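> Below is one structure. I have some questions about it.
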Amino acid sequence: MNQDRRRQAEEFLQPDEQLIAVCACEPGPGVPSPPEDLLAPPEPAALGRRIEEKLPRSLQQLFKARAHDPRRDPADRIPGPADGTGMEGGWQSAAGRFLIRRANAHGSATDVLVVTDRRWFALTDVSPLWQSTPEMRQYWEVPRSAITVVRANATGLLQKGRMNIEFADLSWVAVAALTPAEAPAFAAAAARYR
């Protein structure tokens, strides 16, 4: 377990919570991106917020109304075969909600996946490109019971470092460990503490 990743994860632990395993990862091959209508609008920059605060109330309300368009209901979208082989279960499943939360975090391409004695959670670096110190934000969390198994190297030799995270609702999503050798150790550590 990389010590930098471990320190990043420890900042998000709850009192008396034990860290089991940490793995730097990214979405696996074939994982679809959530459709635009399921994503939250990006947060405005600090300058944009200050400008918006100076606008008359009627214009502020107009901007807020445009951010939420009730004609775009996420429940209306039915996942199709183009969603890829890196995920199964649709956007309303646990795997789909994981990917939607990841996309809404607007962080770096690399995540830190964390397993504790109580829960699973994921972190991403949301610091600006010019900032050298990572600023980690937690974007996803589920109890340990929500994930049934993690299978390392699920597709064999061609995708070393790939792990399939299988959820209790029978959905799954593929992630790829940045250091392929960490995938089997991460999966084994997560399985040992069930």
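The values are calculated or read from the model by the stated rules, or taken from the named source; none is laboratory data. Please read all numbers here as calculations on a predicted model, not as lab measurements. Cβ coordinates were reconstructed from backbone atoms using ideal geometry, including for glycine residues, and neighbour counts include every protein chain displayed. For the accessible areas, the whole protein counts, side chains as well, though only heavy atoms, and no ligand, DNA or RNA atoms are used. Shrake-Rupley method; radii C 1.70, N 1.55, O 1.52, S 1.80 Å.
> Do we find that ALA188 is loosely packed, with under 15 Cβ neighbours inside 10 Å and modelled with pLDDT of 90 or more in this structure?
yes
Yes/no per residue for (1) under 22 Å from SER33 (Cα atoms); (2) out of contact with any Pro (no Cβ under 9 Å at 6 or more places or on another chain); (3) open to solvent by 40 Å² or more (accessible area, probe 1.4 Å):
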residue	(1), (2), (3)
VAL112	yes, yes, no
THR116	no, yes, no
TRP120	yes, no, no
GLN131	no, yes, yes
PRO134	no, yes, yes
GLU141	yes, yes, yes
ARG144	no, yes, no
ILE165	yes, yes, no
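> Sticking with this one: Anything in segment 34-51 that is of a type outside the set (D, E, K, R), at pLDDT below 90 and part of a loop (DSSP other than H, G, I, E, B)? List them, or say none.
Passing the criteria: LEU39, ALA40, PRO41, PRO42, PRO44, ALA45.
> What about LEU170, is it on the phi < 0 side of the Ramachandran plot and either open to solvent by 60 Å² or more (accessible area, probe 1.4 Å) or of a type in the set (Lys, Arg) (or both)?
no
> Take the residues in segment 95-152 that are among the hydroxyl-bearing types (Ser, Thr, Tyr) and free of Cβ contacts under 8 Å to residues at least 60 places away in the same chain, then tell me which one is nearest to ILE165 (Cα to Cα).
Here the residue is THR148.
> Specify which of the listed residues (GLY86, GLY161) is under 15 Å from ALA187 (Cα atoms), surrounded by 20 or more Cβ atoms within 10 Å (Cβ to Cβ) and at pLDDT below 90.
Answer to the selection: GLY161.
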